[in-house]
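All of the numbers you see were taken from the coordinates with simple rules; none came from a lab. These figures come from a predicted structure and were not determined experimentally. Note: ideal-geometry Cβ built from the backbone for every residue, glycine included; neighbour counts use all protein chains shown.
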Amino acid sequence: MSRIGKRPIPLPAKVTLALNGQQVIVKGPRGELSRVLPPEVSITQEENTILIQRRNESRPARQRHGLCRTLVANMVEGVDQGFTKKLEIQGIGYRAQLKGQTLVLSMGYSHPVEIPPPPGITLEIEDNQGKKVQQGTIILVSGIDKELVGNLAAQIRGVRPPEPYKGKGIRYSGELVRRKVGKTGKK
């Protein structure tokens, strides 16, 4: 039995769940998410909890049991509280700014890199004191869909990943970048 898959998902008071066959629709104060689950798993709601169970003991059913439970739990958490990823820019002359909703990154290339957010995702820029500004070095990616938030944060980080010699680039908040020693001169 999957250790993750057999755990029940608590349903907060402000969140509602609607089942339409294998389609799961979760509504909450921040919005609405829906997903179609594979046919190997079944979903039931008992009062304030959601249970995900396998229909049989086949290999695909066992593989998808814990995955489906985690996906539904992330949907519930997203419409209730939302998700946020924080990125930090390090390096002289590197900065980010917002033009409307579009993020414009100046990362040492010959051109600025523009990244428009997908629908449902908001981008904000903070300074070191945590105040919202138009231009700075801390980027907040937030939304209700954990997958979209993570993908956009990875796309932003991919513009200039942190390099191991000087540590310059875009990194996740709290990410540890292993540093390398540079060349040494002749003796």
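A few notes on this one:
- Scanning region 71-93 for residues being surrounded by fewer than 17 Cβ atoms within 10 Å (Cβ to Cβ) and outside any strand (DSSP E or B) gives a total of 3.
- Residue selected from region 109-122 under the condition without any contact (Cβ under 8 Å) to a residue 60 or more places away in the chain and part of a loop (DSSP other than H, G, I, E, B), by the criterion surrounded by the fewest Cβ atoms within 10 Å (Cβ to Cβ): 110
- Restricting region 25-70 to residues that are of a type in the set (Lys, Arg) and either touching a residue at least 40 places away in the same chain (Cβ under 8 Å) or within 24 Å of residue 119 (Cβ to Cβ) (or both), the residue that is surrounded by the most Cβ atoms within 10 Å (Cβ to Cβ): 69
- In region 140-185, residue farthest from residue 86 (Cα to Cα) [restricted to those that are more than 11 Å from the chain's Cα centre (by Cα) and among the β-branched types (Val, Ile, Thr)]: 184
- Odd one out for residue 91, checked against (1) in contact (Cβ under 8 Å) with a residue 60 or more places away in the chain; (2) within 24 Å of the chain's Cα centre (by Cα): (2)
- If the condition is being touching a residue at least 40 places away in the same chain (Cβ under 8 Å) and surrounded by fewer than 17 Cβ atoms within 10 Å (Cβ to Cβ), then region 123-139 contributes only 135.
- Tallying residues that are among the small types (Gly, Ala, Ser), out of contact with any Pro (no Cβ under 8 Å at 6 or more places or on another chain) and closer than 18 Å to residue 171 by Cβ within region 95-129 yields 2.
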